[in-house]
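Trainee: Quick one: the structure is below, and I'll ask about it shortly.
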Amino acid sequence: MNIHTHWSMREPASTLLGVIGAFLFPSDRRGSLGSQTWLRQGEGRGSQPRPKVSEMLLQKKRWESMAKGLVLGALFTSFLLLLYSYAVPPLHTGLASIRTSEGAAPCSPAPSEPEPVTSANGSAQGCQPRRDIVFMKTHKTASSTLLNILFRFGQKHGLKFAFPNGRNDFDYPAFFARSLVQDYRPGACFNIICNHMRFHYDEVRGLVPPNATFITVLRDPARLFESSFHYFGSVVPFTWKLSGQDKLAEFLQDPDRYYDPHGYNAHYLRNLLFFDLGYDSDLDPSSPQVQEHILEVERRFHLVLLQEYFDESLVLLKDLLCWELEDVLYFKLNARRASAVPRLSGELYRRATAWNELDARLYRHFNASFWRKVEAFGRERMAREVAALRRANERMRRICIDGGDAVDATAIQDAAMQPWQPLGAKSIMGYNLKKSIGRRHAQLCRRMLTPEIQYLTDLGVNLWVTKLWKVIRDFLQW
């Protein structure tokens with residue numbers, strides 16, 4: 001899930017101030033926050049009548065009222081931030097700062113590249129579960145589902161997470177820095193790092209033992225772009241120029257007309273995978289750096305999962321980490337309602353792929369390497385294990401989920417099960433937990449269904465910025 005100087009939850013203060021600037025200081029500069037079509041009604045449209053004076057005055061009053069509300073919201077937020085900085089001492093409680101007997105050994109000096117990891121393939125005897133993991137959480141790739149798997153495993157074994165401080169990401173879209181970790185002290189060592197960040201290998205490497213396993217997940221770039229456009233598009237100001245009913249199709253007809261690489265939140269709408277992994281998402285596709293970066297990802301990550309083959313990916317992950325089947329059971333989290341957006345047509349799919357060419361090259365490379373890993377694992381063995389995973393997931397669905405399926409946000413009965421929603425829409429689905437579950441499965445069911453924000457709170461993470469942003473959103477009915 002997801003977000004970070006965008007409207008959802010990641011950087012509420014900067015987002016709010018950015019929008020205030022858009023309303024109070026409009027400009028016609030390409031890609032600026034002031035490209036509001038309402039300011040230019042009646043201009044350059046000689047064939048259209050101007051609105052009546054009374055209508056214009058009413059519209060002006062509405063915008064003035066909204067602007068005043070935003071200013072007051074910003075002042076209120078600033079006051080609370082100042083009050084918090086003086087009144088609240090640093091947190092030193094919760095799982096984020098507790099070392100248990102099962103924690104990692106002290107970190108050694110970080111090697112330039114991770115040590116190779118040998119999977120349990122064909123050698124289950126003597127296999128020890130791996131507990132030191134870096135998950136580079138990419139956007140819109142089923143990463144929230146994988147995050148839940150890591151939360152459960154870490155909680156089950158009392159492992160030490162490196163969590164953000166105050167929010168649910170590491171100051172994204174800024175590069176990761178170890179000082180952003182909650183309760184960080186020089187020399188601190190962690191078992192699991194898994195929240196959203198813009199990857200910085202050296203900073204991450206120094207926080208985990210040398211034998212830590214690095215993983216990430218990719219998705220077909222055209223499908224990822226579609227999902228990102230609909231989730232984040234409203235907080236990317238250059239998309240405000242799009243006037244048609246199908247803004248995605250309009251954008252893809254001539255993306256260079258609208259796209260501003262230096263625009264606010266522009267990174268969400270081009271080569272987002274490349275950006276999340278710490279590279280320049282506006283590189284010339286013909287640059288030799290593109291292939292160099294792809295090979296660097298291959299050296300640094302022990303396994304790159306694919307969203308389209310999620311079950312097969314989890315089987316490979318289970319084998320790599322020497323985990324049990326129960327450790328990788330899952331329900332699909334943070335998924336959009338099927339009717340929320342149409343699927344890309346053939347032509348638009350090709351345009352979206354071409355627009356995200358760096359991500360497309362990255363995806364093709366790791367799609368090929370993924371299937372080489374499947375071949376090495378064994379096709380028949382893979383089929384058996386995927387079938388076993390799906391049977392186990394289906395069994396848990398019947399045990400845990402009231403009604404058996406995900407429901408719209410408006411139908412979720414328990415606020416603790418309510419996922420975070422994008423601005424202005426409730427398109428993310430969630431679940432209702434059955435009211436009568438046996439003691440054997442009650443805890444596992446609840447953990448498997450708990451959304452990211454609530455789970456982070458359960459793990460003792462300080463989310464005061466995220467929670468404050470939610471209060472402001474609820475007050476303004478965003």
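Trainee: Say we look at the range 158-176 and pick out the residues that are assigned to a loop (DSSP other than H, G, I, E, B) and open to solvent by 30 Å² or more (accessible area, probe 1.4 Å); which of these is farthest from residue 328 (Cα to Cα)?
Mentor: The extreme case among them is 174.
Trainee: While we're on this one: Among the listed residues 202, 256, 284, which satisfies the condition of being without any contact (Cβ under 8 Å) to a residue 60 or more places away in the chain and part of a helix (DSSP H, G or I)?
Mentor: Answer to the check: 256.
Trainee: Right, here's the next one. Residue 401 passes all but one of (1) hydrophobic (A, V, I, L, M, F, W, C); (2) within 23 Å of the chain's Cα centre (by Cα); (3) modelled with pLDDT under 95; which number fails?
Mentor: Looking at each condition in turn, residue 401 falls short on (2).
Trainee: Also, quick follow-up: Could you grab me the full set of residues in the range 261-277 that are open to solvent by 20 Å² or more (accessible area, probe 1.4 Å), in a loop (DSSP other than H, G, I, E, B), farther than 19 Å from residue 344 by Cα and in contact (Cβ under 8 Å) with a residue 60 or more places away in the chain?
Mentor: Within the range 261-277, 262, 264 meet the criteria.
Trainee: A further question follows. Being open to solvent by less than 40 Å² (accessible area, probe 1.4 Å) and under 14 Å from residue 396 (Cα atoms) is the filter here; which residues of the range 443-454 pass it?
Mentor: Hits for the range 443-454 are 444, 445, 448, 449.
Trainee: Just checking, which of 367, 393 is within 20 Å of residue 302 (Cβ to Cβ) and in contact with a Leu (Cβ under 9 Å, 6 or more places away or on another chain)?
Mentor: After applying the criteria, what remains is 367.
Residues are listed down the side, and each one gets a yes or a no for (1) hydrophobic (A, V, I, L, M, F, W, C); (2) closer than 25 Å to residue 314 by Cβ:
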{"position": "154", "(1), (2)": "no, yes"}
{"position": "177", "(1), (2)": "yes, no"}
{"position": "193", "(1), (2)": "yes, yes"}
{"position": "202", "(1), (2)": "no, no"}
{"position": "215", "(1), (2)": "yes, yes"}
{"position": "219", "(1), (2)": "no, yes"}
{"position": "229", "(1), (2)": "yes, no"}
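Trainee: May I pose another question? Quick one: in the range 216-251, which of the residues that are over 29 Å from residue 200 (Cα atoms) and not in a helix (DSSP H, G or I) is least open to solvent (accessible area, probe 1.4 Å)?
Mentor: My answer is 242.
Trainee: Can you name every residue in the range 187-198 that is outside any strand (DSSP E or B), farther than 16 Å from residue 141 by Cα and in contact with a Leu (Cβ under 6 Å, 6 or more places away or on another chain)? Steps first, please.
Mentor: Taking the range 187-198 and keeping what is outside any strand (DSSP E or B), we get 187-191, 194-195, 197.
Imposing the further condition that a residue be farther than 16 Å from residue 141 by Cα reduces the set to 187-191.
Once the filter is applied, which keeps residues that are outside any strand (DSSP E or B), farther than 16 Å from residue 141 by Cα and in contact with a Leu (Cβ under 6 Å, 6 or more places away or on another chain), the range 187-198 yields 190, 191.
Trainee: If residue 181 meets every condition in (1) open to solvent by less than 30 Å² (accessible area, probe 1.4 Å); (2) within 30 Å of residue 132 (Cα to Cα); (3) in contact with a helix residue (DSSP H, G or I) (Cβ under 7 Å, 6 or more places away or on another chain); (4) without any contact (Cβ under 8 Å) to a residue 60 or more places away in the chain apart from one, which number is that one?
Mentor: Only one criterion is unmet by residue 181, namely (3).
The values are calculated or read from the model by the stated rules, or taken from the named source; none is laboratory data. Keep in mind that this is a model prediction, so the values were computed, not measured. Reconstructed Cβ throughout: ideal geometry from the backbone, glycine too, with neighbour counts over all protein chains shown. Ligands, DNA and RNA are excluded from the accessible area calculation, which covers all protein heavy atoms including side chains. Shrake-Rupley method; radii C 1.70, N 1.55, O 1.52, S 1.80 Å.
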